[in-house]
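J.: One structure follows; several queries about it will come next.
Derivation of every value follows stated rules applied to the coordinates shown; laboratory data play no part. Note that the structure is a prediction, hence the values are computed from the model and not measured. With ideal geometry, Cβ positions are generated from the backbone for all residues, glycine too; neighbour counts draw on all protein chains shown.
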Amino acid sequence: MDSNANKTIPFQFLNIDKLQIKRDFNIYFSNFVNIQNFEIDTLQSNYQINYINDLVNSKCNFDIFSISSNNIPSMNNIKVYTLDIKLNSNFNIDSFSNFSTYINVDTLKLTPSDPSMIFPFPLPSYVQTLKINYQIDKPLDFIDLSKFANLWYLEIPDVGVLFNVDGEFPLINIEKLNRLQFSNGKINYFNFTNLPHHLISLAMENNGMTGTIPTKFLDQVEMFFLKGNKLTGKFDKSWYDTSFDVSDNYIDIDLPSCFKCHYLQPFISAPISGNRFKNFDPNNLEPCLSIELNLSYNNSTNELLLYGSDLGFSTSVKILDNPILVFQDGERCKEIRIYIVPWKIGEVPRAINITFPFLPQGPRTFEISAYNEFLPQIHSIIRYSDYFIISGKYFAYNQSVINVLISNHSCSIITSNFNEIQCYLSNSNQIINNNEELITSIIQIMNVSSTFNFTVNQACNGSNCPIANCNKYGEYNYESGVCDCYSNEWRGYSCELKSLNCLSNDCSGNGYCNGIIGKCECNKNRIFDDCSGILCNDGNGCFNGGNCNFQIGICNCSSKWIESSGCSTPKQSIDSQQLEQIENEQILTLFGWFGNINRFLTILIEGKICDIISNDNKTIQCYPPNYQCDFIKTTSLELSVSQNNFIWNGIYNPIFINACSNSNEVSSSSNSNSDSNKNNQKENSSSSKKLIIISLSILFCLIILGLLGFGFFKKIKKNNYLNLNNMKIKINSNEYGDENNIDLAQL
């Protein structure tokens, strides 16, 4: 390899570790045309080792080329994926000009043999990845990264205090960068609003810089490492789903409950320590009571899934009695996969003891079983007034998957774990008859349930209750069998639990907060956890596809139904009208929607009644007032249809069928009707005259009877009727017409 040697190395891989040189040494690339991986590490020496590119008609291709050198070698005719150069002392700084030949170098890594060594920032080249491990000298001006045509990854873990421009960040035009590390330097300020759009990872640690971090974690960024600065601001919950380290800054932090629970775990506390916590005191840790555990088993993958809330990370849990199980994070703080690696023999258990070793109150172990793998086993149920203590196993910590029925009445879950359920049944004395021999209960966990019958002797009614320890927060009541808690801050049959707050402690003024179950007891026709909703239709809901608007308590109905009726009463509407002439009558047909409830159905045309003939859901037929066709066509007559206390108003504009084809027919029909009316008037006049004649005749007959005397009336009384069949009355023919006589027998 020396200048006096002219040999080509025949093999592909050359790796020499801790090579000691005892004289100046030159290495020529022509010796390595066959080598794919070339790695030589030389010990610190006062002698120089230089790499000489003597390739003219040949080329070299390296996957890895790692050397210790006193110069930056030229890379003409050389293609290398990773070039790793360790810069020796007495380094030839002028050789930095060879960076311009790095056209076919993908990754360049520069490392000093002595960490205190300082070199300038490399000159522009075509590298894609640049890793600089030495301290960088002060630049004459800002470094323009746009001149590095292919650069997307820049890593400078130990920048040094010189690399800045009057305290400013020395790099400009960084838009192409996907990953940037600029740490252990000295800059006054960094602007986070101008970060590259394609940035995936940003590490700017221990630079002493000020600035305001983005409140929302940037969507495209996967990692943010900013510890050891003077940054301010605050961040939202989006940060906690990512990888970040903002320790030792001045950031205002609202810590989520999951991070509070597991703060003693270094993996969780390290990235956020040394900041301003607004809802948390690291020196005064509160017990973690918010862990919610669920366990399911996947038969196809032979895996357990631990899920719930505030679980921490996979490093936050241990299974001490089964070391072959492996943990893997799912959704942060919510899911942890538990499985056995393929090279281990065994089956994943369906029930486990899982330990959280870093809780503020100390390590805690939970016994838990996978849902639907075991039936709940009930050993006993004891009643303390309205409280019921159910002992057994294969229960659950998650109260939402538990359903308890006592005598077919739902018992609200107060606390639960693997071995015990405490529930509350309001007014249980009115539900449970102490004379019953057996009280039936059903305990359901997820999709499996068990029935348990307990006797009256097991139902504590005050006289046979185990005396509860009231935990200094209450006093035992011998009549009820439970503790009377001193304040509303405590609950439970022994005042062992803190009362629960309701979503709205005043329940919107429409109920009261039941601190035992943490829910509002709402007044009639009120709904929601805060009683802010108003039930529609007096609590009966909305019919015919309507939706209740709980803000105002009125149903949102389709156009066919009346809102105030809960969408149960039809709201009529007219789509079209048809007028048909049948003989001497007109029939109006209305098409639309009328429903099957038609209370006080009335049709008016310009205030005149249209006599109804028939009606169903979609049609109504009636006899309309008689209007001339031209009058209907040229006048906007009002049509109204009323029923069920609702009025539909519109214009009377029927389509004419077999009627009103022209105005002459209407006029002729009108004249004919006029003549007929005149004849009717004459007939009515004649009839009136006849009635007058009859009345006078009867009066005349009564007068004659009065003249006949008592005997004649006696005869009338005997016969019970008056026979006037043969009596005739003379009528003046000139006055009443041609008829001269009226036979009363014909009346």
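J.: Using modelled backbone amide H atoms (1.01 Å from N, in-plane), which distant-in-sequence or interchain residues come within less than 5 Å of TRP490's amide H?
T.: Sorted by chain and number, the residues that satisfy this are SER499.
J.: Answer rounded, prolate or oblate for region 1-124, using the Cα gyration tensor with square roots of eigenvalues a ≥ b ≥ c: rounded when a/c is under 1.5, else prolate when a/b is larger than b/c, else oblate.
T.: The shape class here is oblate.
J.: Can I ask one more? Hey, what do the phi angles of region 322-327 turn into as Karplus ³J(HN,Hα) couplings, whole Hz, using 6.51/-1.76/1.60 and θ = phi - 60°, x for Gly and Pro?
T.: Once rounded to whole Hz, the list reads 8, x, 7, 6, 10, 10.
J.: Here is a further query. Which trypsin sites (Lys or Arg not before Pro) does region 223-308 hold that lie in a coil by DSSP with at most 15 other beta carbons within 10 Å?
T.: Passing sites in region 223-308 are LYS278.
J.: Residue-wise, which Karplus ³J(HN,Hα) couplings in Hz belong to region 72-88, taking 6.51 cos²θ - 1.76 cosθ + 1.60, θ = phi - 60°, and x for glycine or proline?
T.: Ordered by residue, 3J(HN,Hα) equals 8, x, 6, 10, 5, 6, 10, 10, 9, 7, 10, 10, 10, 10, 9, 7, 7 Hz.
J.: Only loop residues by DSSP count here, and only those with at most 16 other Cβ atoms within 10 Å; note down the GluC sites (Glu not before Pro) in region 547-584 that meet that. List each step's numbers first, then the result.
T.: On the way: sites: GLU563, GLU580, GLU583; in loops: GLU583.
In loop regions of region 547-584 (DSSP not H, G, I, E or B), the sparsely surrounded GluC sites (Glu not before Pro) are GLU583.
J.: Calculate the dipole size of region 244-313 relative to its Cα centre from +1 charges on Lys and Arg beta carbons and -1 charges on Asp and Glu beta carbons; express the result in debye to the nearest 20. List each step's numbers first, then the result.
T.: Details: 3 positive and 9 negative charges, 6 e Å.
Computed about the Cα centre, the dipole is about 20 debye.
J.: So who's got an amide H within less than 5 Å of the one on TYR126, skipping anything under 5 residues away but keeping other chains? H placed 1.01 Å off N, in plane.
T.: TYR102
J.: What's the FRET efficiency of THR415 with ASN549 using the Cβ-Cβ distance as r and R₀ = 60 Å, to the nearest 0.05?
T.: Details: r = 37 Å, r/R0 = 0.62.
Between THR415 and ASN549 the formula returns 0.95.
J.: Figure the gain on full extension for TYR81 and GLU331 (residue separation times 0.36 nm, minus the Cα-Cα span) and round it to one decimal in nm. It would help to have the intermediate numbers written out before the result.
T.: Working: separation 250, 0.36 × 250 = 90.00 nm, distance 3.64 nm.
Taking TYR81 through GLU331 to full extension adds about 86.4 nm, to one decimal.
J.: Shifting gears a bit: List the residues whose amide H sits under 5 Å from the amide H of ASN653, counting only those 5 or more places along or on another chain, with H placed 1.01 Å from N in the peptide plane.
T.: Here the answer is none, since no amide H 5 or more places off falls under 5 Å of that of ASN653.
J.: Classify region 353-404 from the C-alpha gyration tensor, please: rounded if a/c falls under 1.5, else prolate or oblate depending on whether a/b exceeds b/c.
T.: Numbers: a/c = 2.36, a/b = 1.49, b/c = 1.59.
Cα axes put region 353-404 in the oblate bin.
J.: Enumerate the calculated ³J(HN,Hα) couplings along region 22-32 in order (Karplus 6.51 cos²θ - 1.76 cosθ + 1.60, θ = phi - 60°), each rounded to whole Hz, writing x wherever the residue is Gly or Pro.
T.: Result, rounded to whole Hz: 10, 7, 4, 9, 10, 10, 10, 5, 4, 6, 10.
J.: Label region 170-284 by shape, choosing from rounded, prolate and oblate, from the square roots a ≥ b ≥ c of the eigenvalues of the Cα gyration tensor; if a/c is under 1.5 it is rounded, and otherwise prolate applies when a/b is larger than b/c, oblate when it is not.
T.: Details: a/c = 2.11, a/b = 1.64, b/c = 1.28.
Prolate.
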